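Reviewing the structure listed below.
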Amino acid sequence: MTAYLTRRLLTAVAVMFTISLISFMLLKYSGDLATALAGEGSNAAYVEFLRKEYGLDRPVIVQYAGWLAKAVTGDFGRSFYFNDQVSTLFASRLPVTLELGVLSIVLALLAALPLGVLAALREGSWVDRLVQGLALTGQAMPIFWSSYLLILIFALDLGWLPVAGADSFAHLILPSCALALNALPALLRITRSGMSEALASDYVRTARAKGLRKHSVVIKHALRNALVPLVAIAAVQFGLLLGGSVVVETIFGIDGIGYFTWQAISQNDYPVVQAAVLIVSSFYVLLTLAADLLNMWIDPRYKIG
């Protein structure tokens, strides 16, 4: 276990280093930052002043080394547009995005588990076809369209829920449902396929031959093994929800890290964009590691691979 954790942590560090280097270089070579900061029509002297002021006249590798040395301590510099510390700006917006992501993945799992199990138990029936149709429909539905549809039905027509903001739990229901609908198809398909494979396995047939009750066979034997791929996909989907919440947060007027990152991109706020890439990537790496550890607990055979 210790050796495994050490290897995974070293791999995570290497992945994060690679991501930070690539994202830093891409942003640096996407345009002249000093000119973007100065604005259109600025004279060359002012542009050169900004270049020296922000250390943009130094070699790129030196700039990267200086940025990385501060980033590992949580110092991502100062926002050009918001004129505040990037770490402070992210810290104030991260909680609402995490709440939104957690609620979304919980809703998606609450729907995917029973529907996926039911489809596997009724494989080939109209129930199975209906569930697969729902997954296909959800996959084809753009998240902005499902967001506006939820607003139209539950906020404007029925008046049950508020449209914008994050002042209360009620404000998070519609955006969470929109994100959950986006994550549901992948979770639903992996649950169904995992359960179908488990139900056709030798150990399930043996359990049935021993006379175990159907409920015990499905829950204790088949479902536990089907959870292994589901946990891995759920971790990935949770990372996607955090990183891809920009559309939903913009539509529902939620000032989280998704909307914050979109503002930074539109204003050429490079320190915020660099921090966003690194922070979201860190969540992906940590979630993947947590999923592997959870799978090792669910199925001890998993660590052999």
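The values are calculated or read from the model by the stated rules, or taken from the named source; none is laboratory data. Remember, predicted model here, so these are calculated numbers, not experimental data. Quick reminder, even Gly has a Cβ in these numbers, built from the backbone with ideal geometry, and neighbours come from all protein chains shown. Keep in mind that these areas ignore ligands, DNA and RNA; they rest on the heavy atoms of the full protein, side chains included. Shrake-Rupley method; radii C 1.70, N 1.55, O 1.52, S 1.80 Å.
Quick notes on this one:
- When residues of the stretch 259-285 are limited to those that are within 11 Å of the chain's Cα centre (by Cα) and among the hydroxyl-bearing types (Ser, Thr, Tyr), the one least open to solvent (accessible area, probe 1.4 Å): Ser281
- Residue match in the stretch 120-138 (condition: among the hydroxyl-bearing types (Ser, Thr, Tyr) and either touching a strand residue (DSSP E or B) at 6+ places or on another chain (Cβ under 6 Å) or in a helix (DSSP H, G or I) (or both)): yes
- For the stretch 54-85, filtering for residues that are open to solvent by less than 30 Å² (accessible area, probe 1.4 Å), within 18 Å of Leu21 (Cβ to Cβ) and not in a helix (DSSP H, G or I) leaves 3.
- Residue check, Thr97 of a type in the set (Ser, Thr, Tyr), outside any loop (DSSP other than H, G, I, E, B) and either without any contact (Cβ under 8 Å) to a residue 40 or more places away in the chain or open to solvent by 80 Å² or more (accessible area, probe 1.4 Å) (or both): no
- Residue count, the stretch 37-53 (criterion: at pLDDT below 75 and open to solvent by 70 Å² or more (accessible area, probe 1.4 Å)): 4
- Within the stretch 150-170, the set of residues being open to solvent by 30 Å² or more (accessible area, probe 1.4 Å) and part of a helix (DSSP H, G or I) comprises Leu152, Ile153, Phe154, Leu156, Asp157, Phe169, Ala170.
- Residues being of a type in the set (Gly, Ala, Ser) and open to solvent by 50 Å² or more (accessible area, probe 1.4 Å) - total across the stretch 1-27: 2
- Residue in the stretch 29-36 that is open to solvent by less than 50 Å² (accessible area, probe 1.4 Å), assigned to a helix (DSSP H, G or I), at pLDDT below 70 and out of contact with any strand residue (DSSP E or B) (no Cβ under 6 Å at 6 or more places or on another chain) present: yes
- Scanning the stretch 239-258 for residues that are open to solvent by 20 Å² or more (accessible area, probe 1.4 Å) and either part of a loop (DSSP other than H, G, I, E, B) or free of Cβ contacts under 8 Å to residues at least 40 places away in the same chain (or both), we see that the one that is farthest from Ala170 (Cα to Cα) is Gly244.
- Filter pass, Ser147 being hydroxyl-bearing (Ser, Thr, Tyr), under 22 Å from Val246 (Cα atoms) and open to solvent by less than 40 Å² (accessible area, probe 1.4 Å): yes
- Scanning the stretch 100-133 for residues that are of a type in the set (S, T, N, Q) and open to solvent by 50 Å² or more (accessible area, probe 1.4 Å) returns a single hit, Gln132.
- Ser92 vs. criteria closer than 20 Å to Ser266 by Cβ, without any contact (Cβ under 8 Å) to a residue 24 or more places away in the chain and either open to solvent by 70 Å² or more (accessible area, probe 1.4 Å) or of a type in the set (Asp, Glu) (or both): yes
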